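Worksheet for the structure shown next.
The values are calculated or read from the model by the stated rules, or taken from the named source; none is laboratory data. None of the values given here were measured: they were computed from a predicted structure. Protein only, heavy atoms only, side chains kept; ligands, DNA and RNA dropped before computing areas. Shrake-Rupley method; radii C 1.70, N 1.55, O 1.52, S 1.80 Å.
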Amino acid sequence: MYGFLKKKWLWLLFAVVFALGGVSLWYLGQDSDEAQVRRTLRQLCRISSKYENEKAAVGVMKINGTDKVFAPECRIDFRHEMFGGIYTPAEITSTMARVRSMFRSCVVDMRDVAITVEPPDRASAVFTGTLDGRLNDGKTVNEVRDLYCTLEKREDRWLITSISVRDVLEK
């Protein structure tokens, strides 16, 4: 009798440990909200960058992903009249296509990213954005800006609802 109870407890202990292990693996496999926000910002950098000899079709495919980065309405404030206001992803796509056509190549990147998540569905990010590019006429462009983004979680995706830019170094 004692041996039977001992086996029963061992199987119960094994089942509990196995269940806890499964829950732990599921939890570790989930991206944190901060990681998802960071992924959205990296995707914005990829969409905005244009590489030397990039085919037009590749560029179109990249910028058509703006609806995966921007909310249905996004406030943009670049401190310049022509880049201020509330835009839809389609309008942002159109603007990005025009700007990208001016460059032979450009790389958009970010550094010093600080993300604050306000559960359940709001976040903000402050970071330094860089743009290093070569215009079609051969001139180079090197810009550095501090950016502030707000994001909202919609349908399990973090989307940018506003982005404001202020100059780091003014000439």
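Considering only protein heavy atoms, what per residue accessible area in square angstrom results for the stretch 32-165 with a 1.4 angstrom probe?
On a per-residue basis, 57 Å².
Using a probe of 1.4 angstrom, how much of the accessible area of the stretch 32-165 is carbon and sulfur, in percent? Intermediate values should be presented prior to the final figure.
Numbers: 4050 of 7700 Å².
So the carbon and sulfur contribution to the accessible surface is 53 percent.
Residue by residue, what Karplus-based ³J(HN,Hα) values in Hz, rounded to whole numbers, does the stretch 137-145 have, using 6.51, -1.76 and 1.60 with θ = phi - 60° and x for Gly and Pro?
7, x, 5, 9, 10, 10, 10, 10, 9
For 162, 101, write out the residues from largest to smallest accessible area, computed with a 1.4 angstrom probe and no ligands counted.
Working: 162 25, 101 70 Å².
If we order 162, 101 from most to least accessible, we get 101, 162.
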